[in-house]
Amino acid sequence: MAGRIRREDIGAVREKARIEEIVGDHVSLRSAGVGSMKGLCPFHDERTPSFHVRPQLGLWHCFGCDEGGDVISFVQKIDHLTFTEAIERLAARTGVVLRYEDDGGGTSRPREEPGRRQRLVEAHRIASEYYAEQLAAPEAEPARTFLAERGFDRAAAQTFGVGYAPKGWDHLLRHLRGRGFTEAELAASGLVSQGNRGHYDRFRGRLMWPIRDITGDVIGFGARHLYADDPGPKYLNTPETPIYRKSQVLYGIDVAKREIAKERQVVVVEGYTDVMAAHLAGIGTAIATCGTAFGADHVRIVRRLLGDAADSSAGVMLASGRAVGGEVIFTFDGDEAGQKAALRAFGEDQQFASQTFVAVSPDGLDPCDLRLQRGDAAVRALVSEREPLFEFAIRSVLARVDLDTPEGRVAGLRVAAPVVARIRDHALRGEYARELAGWLGMDVVDVRRAVASAPRGDARPRGDARSADGRPDGGRGETRAGDDSGRSAQRRPAQPYPDDPVAKLERQVLEVALQLPAFAADAGFDSLDAAAFQVPAYRAVHDAVRAAGGAAAFETFREQQRAAGAADVDRAAAAAWSDAVLEGAVGPLASLVTELAVAPLPADREEALGGYARGVVRAVVRLGVTRKIGDIRGRLQRMDAASEEYQAAFAELLVLEQERRGLTDAS
């Protein structure tokens with residue numbers, strides 16, 4: 001990363017990315033009143049729409065799961081992206097050229113990477129289509145036979161985009177040249193190689209699997225050899241390129257991500273055909289690494305997909321057998337290499353707050369072979385009958401010794417105690433010490449003593465500093481400047497009982513101020529002081545509105561947008577207004593601001609909005625005057641009627657009474 005994205009460029013992305021269009025790609029929206037749209041929430045199951053979008057403000061909120069934010073946060077959540085990734089994705093869609101600032105305070109400059117990335121992604125898209133077309137060619141008969149022998153028909157190949165790379169020297173190279181790609185671009189893409197005879201196709205005479213990133217863009221390929229005279233390795237992957245980093249890529253993540261988020265489960269298999277077999281068998285959460293071991297970067301991706309917050313529910317099991325905090329299931333071959341892979345995964349396991357399991361077929365079949373020999377139900381059973389990874393790791397080391405002899409049991413304690421000691425969860429460590437005592441037939445006190453004195457090591461990769469509560473950054477909650485991705489992630493302040501009429505009125509007036517600031521200003525919203533709001537959370541929102549200049553500041557934003565030549569002045573001004581309020585909404589308060597800004601208003605016609613806005617604002621103003629009248633009357637009862645102080649307070653009371661009558665008559 002070259003540095004932070006300039007704030008004005010982030011604003012330009014927000015302005016040009018129309019939230020109703022972005023959300024509309026995933027949710028069927030319909031009108032929910034003037035300026036509001038609603039649909040079924042994409043983030044939780046529901047039958048009655050509770051997901052609302054306010055296009056004019058560029059905000060969304062679900063009143064069912066209490067998630068909300070702007071267009072950037074929606075893309076982050078729906079596609080499981082970081083803040084920067086979401087900005088870059090939207091910038092590419094809207095044509096905004098992003099500029100980056102050096103972390104050291106250097107000058108801003110355009111970053112070449114996004115444009116270059118688009119060219120490389122486009123080259124891979126064209127290559128993927130080319131390979132898929134070639135699968136139907138006569139030369140590809142061995143490829144089709146390979147798929148058929150493993151239980152994959154033409155529909156399965158099309159679902160996963162499987163293709164075939166012809167044997168020729170430069171078929172793809174010439175195809176891409178014809179589409180306008182330069183030698184430099186092709187060399188950087190990893191699709192071609194260079195030798196004494198010049199550039200040539202990297203993949204030739206192979207079955208091809210397109211590898212996509214989490215957004216669905218093709219960024220690389222996995223290729224299996226088909227011919228005996230192929231001197232290359234059995235599997236050949238795309239080399240490291242500007243868009244392909246094998247340590248950060250998971251095959252199948254694009255088709256599995258939503259099911260993973262929904263089911264709170266990830267099934268890690270070993271190969272491309274295993275992913276295909278698992279999905280076709282009904283395991284829609286299956287993914288695989290691409291020619292590398294499951295590592296720390298993969299852990300971070302999976303944690304983001306699971307929404308893993310390292311909370312206290314992690315590892316708690318429901319009656320259904322599913323872990324509350326989500327679960328990661330590793331499937332491995334039953335051979336020695338598969339067991340070693342599982343034990344490597346044990347080293348990464350403690351990066352998950354969720355439960356981690358191992359699913360190994362007793363006869364050593366991988367998911368592809370298992371499906372082929374025993375059908376889809378057997379694959380589903382393999383996953384459902386998984387065992388905890390901690391237990392698997394302990395039993396694996398115990399299998400190396402003879403537990404039928406005293407010497408073997410002592411040796412078992414010596415090799416298993418360090419494994420148990422590496423379990424960071426204190427309660428789990430104690431339970432597995434007890435389990436180990438039972439497996440060895442030893443006294444539990446002796447086993448716990450051995451575990452306590454065993455070297456523990458640290459399975460956490462260096463550089464991933466975490467606090468005692470499992471949070472990155474030592475629990476400080478620090479983020480980069482310009483990254484407001486945490487706005488809606490924090491829980492909003494507690495709110496009052498919904499039937500409280502005063503609280504309901506305070507909420508309504510804030511909804512008006514945020515959604516209809518011009519009407520609110522005309523009705524006298526800016527005359528309200530903090531004392532007008534009895535609910536602390538609503539008083540804090542009022543403070544954020546005042547910090548943005550009050551409702552009257554909306555007109556200033558409108559003039560600024562008009563001077564800037566905005567295509568839709570009112571929409572741009574509304575978005576700038578909501579951003580200004582959110583700037584003053586610290587931490588979890590931003591979630592409440594978003595909710596109030598998106599909440600549907602009772603007026604179903606635009607001409608009725610003004611009357612509704614004036615009504616609720618004047619009701620709050622009148623309520624505030626009534627409170628002041630009550631306070632003064634209480635003071636008068638405690639004063640000497642002949643004193644000057646009494647006379648001044650009585651005069652103030654008369655003014656307030658007249659003001660209240662005027663507000664009553666106006667309503």
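Each reported figure results from applying straightforward, stated rules to the coordinates on display, with no laboratory input. Because the structure is predicted, anything quoted here is derived from the model rather than measured. Every residue, glycine as well, gets a Cβ built from its backbone with ideal geometry; the counts of neighbours run over all protein chains shown.
Relative contact order of segment 115-253: what whole-number percent is it, with Cα pairs under 8 angstrom and at least 6 residues apart?
Relative contact order here is 25 percent.
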Would you please put 589-598, 618-627, 283-292 in order of how densely packed they are, using the mean number of other Cβ atoms within 10 angstrom per residue and starting with the highest? 589-598, 283-292, 618-627
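May I ask for the net charge around R144, where only other residues with Cβ less than 10 Å from the Cβ of R144 are counted and Lys, Arg are +1 while Asp, Glu are -1?
Result for the neighbourhood of R144: -2.
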Sorted by mean Cβ packing within 10 Å, highest first, what order do the peptides 191-202, 570-581 take? 570-581, 191-202
In the neighborhood of K246, defined by Cβ-to-Cβ distances under 13 Å, what is the net charge if each Lys or Arg adds +1 and each Asp or Glu adds -1? -2
Pop a pseudo-label 7 angstrom from the Cα along the beta-carbon direction at both V410 and H171 and give the gap in nm to one decimal. 6.6 nm
Taking the Cβ-Cβ separation of Y227 and V445 as r and a Förster radius of 60 Å, what is the calculated FRET efficiency to the nearest 0.05? 0.45
On a full-extension model of 0.36 nm per residue, what is the gain between L428 and D153, subtracting their alpha-carbon distance, rounded to one decimal in nm? 94.5 nm
Tell me, what does the Kirkwood hydrodynamic radius of segment 1-54 come to in angstroms if you use every pair of distinct C-alpha atoms? 13.0 Å
Would you kindly state how much longer the chain becomes between M639 and E183 on full extension, computed as 0.36 nm times their sequence separation minus their alpha carbon distance, in nm to one decimal? 154.9 nm
Mind checking the full-extension length gain between K504 and A547? Use 0.36 nm per residue of separation minus the Cα-Cα distance, one decimal, nm. 13.2 nm
Cα centroid of segment 533-564 to Cα centroid of segment 234-259, whole Å: 46 Å
Going by average Cβ density within 10 Å per residue, which order do the peptides 430-438, 229-237 take, highest to lowest? 430-438, 229-237
Would you mind checking which residues have amide H under 5 Å from E327's amide H? H placed 1.01 Å from N; only 5 or more apart, or other chain. Q265, V266
Radius 10 Å from Cβ of M37, net charge of other residues (Lys, Arg +1; Asp, Glu -1): +2
